[in-house]
Amino acid sequence: MNTWKALIIVAGSAVTLAACGGGNSNTGGADTGCTVKGNSTAAVTPAIVSNVVPDPDTVGRFSPNNMTVKVGQSIEWDWQDPNVAHTVTSDDGTSFDSCLQNKGYKFVVTFNQAGKIPYHCTIHPLMVGTITVTP
């Protein structure tokens, strides 16, 4: 009888995990344990759109990766890589973080202070860029 109880608990746990999406499976939303930061919730027209695309030499790349905007302008990143998930994360870790996302995701950041902001993909160290915000 104890075997049956164990089997029922295991089966129930499997159904619960499947309903919740399981471990760290990512289908376009934020990855588990990461909170998206800096994403503009207002409808804005970005000054620049950077595409997150595949690249056989680096696993992926931001195109363009180095961008210049004025204070108050926005940049939109569009995930177009059909094979691998990526992040857009400021090097300081606090300005913005898209979390791990897949193809179809869009992430918009509005820049309100002048300066240089380096950013990267947290899982692909060769995916880097710099945003220059001018007054």
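Summary of computed values
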item: Selection from segment 51-71 of residues that are open to solvent by 10 Å² or more (accessible area, probe 1.4 Å) and more than 21 Å from residue 123 (Cβ to Cβ); result: 68, 70, 71
item: Residue list for segment 34-45, filter: surrounded by 13 or more Cβ atoms within 10 Å (Cβ to Cβ) and over 17 Å from residue 130 (Cβ atoms); result: 34, 36, 37, 39, 40, 44
item: Filter result (over 16 Å from residue 116 (Cα atoms) and over 11 Å from the mean Cα position of the chain (by Cα)) within segment 74-99; result: 76, 80, 81, 82, 83, 84
item: Among residues of segment 72-110, those that are under 11 Å from residue 51 (Cα atoms) and either open to solvent by 40 Å² or more (accessible area, probe 1.4 Å) or among the polar types (S, T, N, Q) (or both), counted; result: 5
item: Elements of type strands (runs of 3 or more DSSP E) contained in segment 24-135, each with 1 or more residues being β-branched (Val, Ile, Thr) and at pLDDT 95 or above; result: 48-53, 66-70, 74-79, 106-110, 115-121, 124-134
item: Near pairs, Cβ below 9 angstrom, 6+ apart or cross-chain, from segment 91-107 (farther than 17 Å from residue 33 by Cβ) to any residue that is open to solvent by 90 Å² or more (accessible area, probe 1.4 Å); result: 103/83
item: Top-ranked residue of segment 111-129 - restricted to ones that are over 16 Å from the mean Cα position of the chain (by Cα) and of a type outside the set (D, E, K, R), ranked as most open to solvent (accessible area, probe 1.4 Å); result: 113
item: Per-region count, segment 44-70, residues more than 22 Å from residue 85 (Cβ to Cβ) and among the small types (Gly, Ala, Ser); result: 1
item: Selection status of residue 92, closer than 15 Å to residue 40 by Cβ and charged (D, E, K, R); result: no
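The values are calculated or read from the model by the stated rules, or taken from the named source; none is laboratory data. The structure displayed is predicted, hence computed values, not measured ones. Neighbour counts are summed over all protein chains in view; Cβ atoms, including those assigned to glycine, are modelled from backbone coordinates with ideal geometry. Ligands, DNA and RNA are stripped out before the accessible areas are found, and what is left, the full protein with its side chains, is counted by its heavy atoms. Shrake-Rupley method; radii C 1.70, N 1.55, O 1.52, S 1.80 Å.
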